[in-house]
1. Is it possible to state the helix-based mean residue ellipticity at 222 nm for the protein assembly as shown, with each DSSP H run of 4+ residues giving -39500 (n - 2.57), the sum divided by total residues, to the nearest 500 deg cm²/dmol? What is it?
2. Enter the mean number of other protein chain beta carbons within 10 Å of the beta carbon of each residue in A:175-188, as an integer.
3. Quick one: order B:I178, B:I39 from most to least accessible surface, probe 1.4 Å.
4. Using Cα springs under 10 Å in a Gaussian network model of chain B, which residue among B:G16, B:G203, B:G81 shows the largest mean-square fluctuation?
5. Take the alpha carbon gyration tensor of chain A, find the square roots of its eigenvalues, order them as a ≥ b ≥ c, and report rounded if a/c is under 1.5; if not, report prolate when a/b exceeds b/c, else oblate.
6. Given the C-alpha centroids of the range A:44-109 and the range B:6-47, what is the distance between them in whole angstrom?
7. Among bridges DSSP assigns within the protein assembly as shown, what percent are antiparallel (round to 5)?
8. Give me a comma-separated list of calculated 3J(HN,Hα) values for the range B:173-184, in order, Karplus coefficients 6.51, -1.76, 1.60 applied at θ = phi - 60°, integers in Hz, x for any Gly or Pro.
There are 2 protein chains.
Amino acid sequence: MKIGLLGSGNVGQTLGTKLVQLGHDVMMGSRDSANPKGISWAKKEGHHALYGTFMNAAAFGEIIINSTLGSASIDALRQAGIENLKGKILIDTANPLDYSTKNWTLTVCNSDSLGEQIQRTFPEALVVKTLNTMYCDVMIDPRKLSEKTDVFVSGNDTEAKATVIAMLRDWFGWKSVIDLGDITTSRSVEMFVLLWHTLRDVGSSPRFNIKVVS
Amino acid sequence: MKIGLLGSGNVGQTLGTKLVQLGHDVMMGSRDSANPKGISWAKKEGHHALYGTFMNAAAFGEIIINSTLGSASIDALRQAGIENLKGKILIDTANPLDYSTKNWTLTVCNSDSLGEQIQRTFPEALVVKTLNTMYCDVMIDPRKLSEKTDVFVSGNDTEAKATVIAMLRDWFGWKSVIDLGDITTSRSVEMFVLLWHTLRDVGSSPRFNIKVVS
């Protein structure tokens, strides 16, 4: 599958490398087509890994993954081009975090969320929020943890969510995926990230996740 | 031990009954000393269960538990009387929820929290935020769940937190208590409640909790 991956940070690089290893063709995109992080990633990962602008990556992908910084995501997606997102699944892994203070805060929360903002701004994209509740190493290999844990999906399009749930299972080995409902449930998972951050601060490693136990 | 329990709703009644069963003397308080819910609770639970105003309950308790509605907590604690909270452990189980819309929202979040507001308003109380991340049946008996799960504590006073951690273990059977840090970490656990609510909506029962897995 051809995947357009927006963002060249830790999450983008980790997802991109895993997806190339799985046999996909991945174009990573960022603001600047001369971004050395993106260029060196593509070089390292071989001929199934490409690099370009947000627009190049979005035009390339049959599906799109947004792994940009949450505070920059809407702008990045605008650069990607509304016509390049139309009708495509847009997996949103971003969190609208402001890291400038010791206690992280969200730039949008409570009665709105980044997931909703993206869906509203690009109404013809099929936005599925997922994977934003854990560290990137755990995203691509949940079996590294000592027990089966949960990943969440939020989105308005049932078929798109079903496709993403299958991808989470087949690509990364997620056996327990909880469908939270429509895109408004992005609020819940984005607001959870502050607890994730607090747990990371008191724990020994960012490699953890939560499991819902009944 | 003499416990002053503020709030006569589900959480107050569930905690109060359990604490009386454990052999404590519990005075439940609410706004109105003629509140029929409080009076019938005290009658039902026998002579170790008392009922009165917020002020009566706070004056009675060696420790205080705030289980009022979060949106009314500061006012309830003012009625309890600053002098009745001074130097005492104040366990805060409340969430600042606005239930008026389908998607619950918080009345304070992100850069502040109810736990912090209480600590700021009553600086001589030893505020420990805990138990706000689960349904009341789970608070008092985590062993009902199929696996060991986690409860969190937040607070500025290390000794008060250690006392509360021991109480959580001895009173209710909590074996895994995660100390998140100072009272600012109340933000994390209060904001988590929206994910709790979403999970409750998609699940079959409110009787669940999360487990941190590494």
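The values are calculated or read from the model by the stated rules, or taken from the named source; none is laboratory data. Just so we're clear, the structure is a prediction, and the values are computed from it rather than from any experiment. Neighbour counts are summed over all protein chains in view; Cβ atoms, including those assigned to glycine, are modelled from backbone coordinates with ideal geometry. Heavy atoms of the whole protein, side chains included, go into the accessibility calculation; ligands, DNA and RNA do not. Shrake-Rupley method; radii C 1.70, N 1.55, O 1.52, S 1.80 Å.
1. Working: 18 runs with 168 residues, N = 428.
Helix contribution divided over all residues of the protein assembly as shown: -11000 deg cm²/dmol.
2. Numbers: counts 0, 0, 0, 4, 1, 5, 4, 1, 0, 3, 8, 1, 7, 12.
Neighbouring Cβ atoms belonging to other protein chains average 3 per residue here.
3. Values: B:I178 35, B:I39 80 Å².
Order by accessible area, largest first: B:I39, B:I178.
4. B:G203
5. Numbers: a/c = 1.33, a/b = 1.23, b/c = 1.08.
Verdict is rounded for chain A.
6. Cα centres, the range A:44-109 to the range B:6-47: 52 Å.
7. Values: 15 of 65 bridges.
The antiparallel fraction comes to roughly 25 percent.
8. Each residue of the range B:173-184 in turn: x, 6, 9, 10, 10, 9, 7, 7, x, 6, 5, 5 Hz.
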